[in-house]
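The values are calculated or read from the model by the stated rules, or taken from the named source; none is laboratory data. In this text the structure is predicted, and so the values were computed from the model without any measurement. Cβ: placed from backbone, ideal geometry, glycine included. Neighbour counts: every protein chain shown. Accessible surface is based on the protein model in full, side chains and every heavy atom, while ligands, DNA and RNA are left aside. Shrake-Rupley method; radii C 1.70, N 1.55, O 1.52, S 1.80 Å.
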Amino acid sequence: MYLAGAAVAAAALLWLQRRLWPHLWADARFLLRALLCRRRVLRGAGSSLAQRFAGLARAAPQRLFLRFEGQRFSYGQAERASRRVANALRAWRGPGGPLRPGQTVALLVGNEPGFVWAWLGLARLGAVPAFLGTGLRRGALLHCLRGCEARALLVARDLYEAVEPLLPTLQEQGIVVWTLGPGPCPPGVTSLQELMEEASEEPVPSDLSTPRDMTDTCLYIFTSGTTGLPKAARISHLKSIMCLGFYRLVGASSKDVIYVALPLYHMSGSLLGIVGCIGIGATCVLKRKFSASQFWGDCQHYGVTVFQYIGELCRYLVNQPEREGERDHSLHLAVGSGLRPDVWREFLQRFGNVRIVETYGMTEGNITFFNYTNTLGAVGRGSFLYKLFCPFELVRYDVLEGVPVRDAAGWCQRVGPGETGLLIAPVTPQNPFLGYAGGRELSEHKLLRGVFTEGDTYFNTGDLMAQDAAQFVYFRDRTGDTYRWKGENVATTEVAEALAALDSLQEVNVYGVAVPGTPPGWVPPSPSAPSPFLPPYARPRFLRVQDQLAMTQTFKQHKVRLASEGCDPTRLPDPLYLLDDASGAYVPLTPRLWEGVVSGAVRI
């Protein structure tokens, strides 16, 4: 009788749980896996990434680590290559003398094995690599070098043209320039490859790569902010070590082959793609850049099982013409961020049963989400269990004024289920915000103080999100003056500053608009061509010409209204122009040309 009663009670509780908390067990399983991953990573031998990699190379020197354009590199070979980099720079007797722990070396290198060897080699010396975007030129490049206080610059041979005009300035500032690849080199520039050929493969002293504190900076990754130019986000030893558990957390293993075509100067390519691969001892297929037409052929050729994506790449794939055999692959897991629901749905319909794990995070942020339930469109879940370890809040936000809404007492207001709010996360010793290199004001700009109580501090992600009644979190929009285009963050203020330097312009306003079938594009209301000093992804795609710019009552430029008006020539009275890539000039945006943009016949 008692057993029957207990069984009925258990069944009732199970029924109640499924009705009220249908994802409770999924939440519990993910959190348990996260705790086990964290424990495993923190208990590993070595307190720095270089030491962890060395340990893996000793344990499995023959295991295949990297495949690149027909080349194959084992973990042992990668270890020896990074040792040569370390020993070459440790023995450097040129300007400034040998490289010392704590000094910063900027890397202007694309996706190639040399990037990884240099990164690990610098880490062995306790130096701090700073990853530079390969599209940086002139003033923006100098800004980044000054921002991270670079002592030296390592540049790939194919990117040397970006550095050559700056050599006199770099020499005046005492910045040494090394190049990947053989010589001869111009005066004042040294070939790292030639130094490596003479360098030893012996290990360097491990104390050089041992951090004094796990929160010390081990890496700079530049991120676009609303201040206009890139900022050097501080990455701690602890954060880089924790990224070793990324792929294990989403269910990958050492048997997987991981496809990385994202830029290594971004966190998603380097810390998640490369470091995550190292964390499980898997094989990485590294591509110089992503090609939608080559992707499925690469998957078949290399036996790819895991794909590190951003939503833009998946959109490229579904926009490709259907071809025979596009389901004949071994891909079983795709991990990334920014995947739109319509692309997500079409991706699965066309390419088969691929498990998609959508995530959310920021290079400098202290909050992450994982969509471990495969719920279409969500970036993750914010269950009460998850918030015990990764707390966050969604607060009301005034889009026109660009600030959180506060009540009469001065406190921020939480939004309700389904309402859009600004995502913020408390800054605590367990979830720190390390900020940026440079002046304190750069980091202070990302913080909110006195949010709910006197003295509290929250990290401002700048992203508008919503959480539904089932606790799923959805990305809604990005605040401020930064938008995403071609997989890159573009600061509108940087574009505006470049255009405003032209004498023919009186005022410039830059903002993003939604174009049907594509992510947000660029619409500056200006008749002039984009500055050649902007990287290609930041160049305006559309122009809207006005006699004068409308201002708010607080003398701020209108962006929200202009963005909502879009760039449809049948709805706007102002002259509109489209950048024609073939001619490099702007052409009138006619209704017929606009129809081609919307249908995809005209690529932007």
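General remarks:
- Debye intensity ratio I(q)/I(0), log10, segment 293-374, q values 0.15, 0.16, 0.27 Å⁻¹ (C-alpha model): -0.54, -0.61, -1.51
- Debye intensity ratio in log₁₀ form over the Cα atoms of segment 349-499, taken at each q of 0.09, 0.10, 0.16, 0.18 Å⁻¹: -0.32, -0.40, -0.98, -1.21
- Segment 112-229 - percent relative contact order, Cα under 8 Å, separation 6 or more: 34
- Using the Cα coordinates of segment 363-433, the gyration tensor eigenvalues translate into equivalent-ellipsoid semi-axes of 23, 17, 12 Å, sorted from longest to shortest.
- Considering segment 264-417, its Cα convex hull presents a mean projected area of 12.1 nm².
- Accessible surface for the chain, divided over its residues, is 45 Å² per residue with a 1.4 Å probe.
- Peptide ranges 323-331, 414-422, 74-82, 123-131 listed from the most packed, as the mean C-beta count within 10 angstrom indicates: 123-131, 74-82, 414-422, 323-331
- Cα shape, segment 130-174, gyration tensor, a/c 1.5 rule: rounded
- For the chain, share of DSSP beta bridges that run antiparallel, in % to the nearest 5: 60
- For the chain, the membrane-span-like helices by this rule, meaning whole DSSP H stretches whose C-alpha atoms cover at least 18 Å of axis and whose Kyte-Doolittle mean is -0.5 or above, are 2-20, 24-42; this says nothing about an actual membrane.
- Percent of C-alpha pairs per 20 Å bin in the chain, short distances first: 18, 52, 27, 3, 0.
- Pairwise Cα distances in segment 153-301 exceed 22 Å in 61 percent of cases.
- Segment 47-138: radius of gyration over Cα atoms, expressed as a fraction of 2.2 N^0.38 Å: 1.14
- Cα gyration tensor category, rounded, prolate or oblate, for segment 92-201 with a/c compared to 1.5: rounded
- As a length-normalised measure over Cα pairs under 8 Å and 6 or more apart, the relative contact order of the chain settles at 10 percent.
- Convex hull volume per residue for segment 304-351, taking Cα atoms only, in Å³: 69
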